[in-house]
Amino acid sequence: MEIILCNTSNKNIHGIETNNIGMQLITGFAQCAENKEVKQYFVRGKELAKKQIKVFGDILLESDVQFSSTCGSTVTTSKVAPFSQKLMMFCIYLLNGFGIVGSSFGAIFSLRKDLSMKTALIAKDIYFYADEGVKIMIKNGWLEEPPQIEDRINLIKE
């Protein structure tokens with residue numbers, strides 16, 4: 001039983017740490033984004049990270065596991081973008097992919113059903129957030145539309 005709790009603790013602490021770093025990164029991106037839709041997208045990402053930190057923190061607290069959620073860094077007050085909005089969106093796109101994989105991996109290998117459900121729900125939230133980001137990138141010409149299946153019916157009619 002101790003092994004399960006230890007593995008559970010490590011996964012949750014890792015989830016808190018990665019979301020704390022991600023929240024700071026996306027806060028900085030939100031501060032300097034010029035496009036209103038992109039800025040709002042980053043703000044929603046910050047809220048999603050906060051939600052995940054709370055979920056993981058609550059699990060640890062319920063199990064009487066102590067943790068520290070500070071990472072020792074902070075976001076500057078600068079509003080000057082160090083990168084293009086395209087690059088910032090693509091960075092979040094990649095991090096969303098890692099988040100989905102990490103949450104899914106956690107759900108599959110957890111021996112506690114309650115944790116599997118919570119991490120699966122987190123993966124769902126990340127998926128829908130990532131999908132919204134892909135649509136914003138396609139709309140702004142920052143990401144190509146994914147390949148489409150051939151329209152055989154129209155090809156035959158021509």
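The values are calculated or read from the model by the stated rules, or taken from the named source; none is laboratory data. Quick caveat: nothing in here was measured; it's all calculated off a predicted structure. Cβ coordinates were reconstructed from backbone atoms using ideal geometry, including for glycine residues, and neighbour counts include every protein chain displayed. In case anyone asks, the SASA skips ligands and DNA or RNA and just uses the protein heavy atoms, side chains included. Shrake-Rupley method; radii C 1.70, N 1.55, O 1.52, S 1.80 Å.
Does Thr76 qualify as being modelled with pLDDT under 85, β-branched (Val, Ile, Thr) and closer than 20 Å to Gln24 by Cα? In short, no. Whether a residue is within 19 Å of the chain's Cα centre (by Cα), open to solvent by 80 Å² or more (accessible area, probe 1.4 Å) and hydrophobic (A, V, I, L, M, F, W, C) was assessed, and Val80 does not pass this test. Scanning the stretch 122-153 for residues that are outside any helix (DSSP H, G or I) and either surrounded by 13 or more Cβ atoms within 10 Å (Cβ to Cβ) or not hydrophobic (A, V, I, L, M, F, W, C) (or both) yields Asn140, Gly141, Trp142, Leu143, Glu144, Glu145, Pro146, Pro147, Gln148, Glu150, Asp151. State the number of residues belonging to the stretch 7-28 that are more than 19 Å from Ile100 (Cβ to Cβ) and at pLDDT 90 or above. Residues in the stretch 7-28 being more than 19 Å from Ile100 (Cβ to Cβ) and at pLDDT 90 or above: 3 in total.
Checking the condition out of contact with any Gly (no Cβ under 8 Å at 6 or more places or on another chain) and in contact (Cβ under 8 Å) with a residue 40 or more places away in the chain, which residue from Ser104, Ser84, Ser110 passes? Show your work before the answer.
Working: Ser104 fails: in contact (Cβ under 8 Å) with a residue 40 or more places away in the chain; Ser84 fails: in contact (Cβ under 8 Å) with a residue 40 or more places away in the chain.
One residue alone meets the criteria, Ser110.
Cβ-Cβ contacts under 8 Å between residues 6 or more apart (or on different chains), taken from a first residue in the stretch 133-145 that is β-branched (Val, Ile, Thr) to a second residue that is assigned to a loop (DSSP other than H, G, I, E, B) and surrounded by fewer than 17 Cβ atoms within 10 Å (Cβ to Cβ), are listed as Ile138/Glu144; Ile138/Glu145.
Residues of the stretch 9-42 that are loosely packed, with under 15 Cβ neighbours inside 10 Å and in a helix (DSSP H, G or I): Asn10, His14, Ile21, Lys36, Glu37, Gln40.
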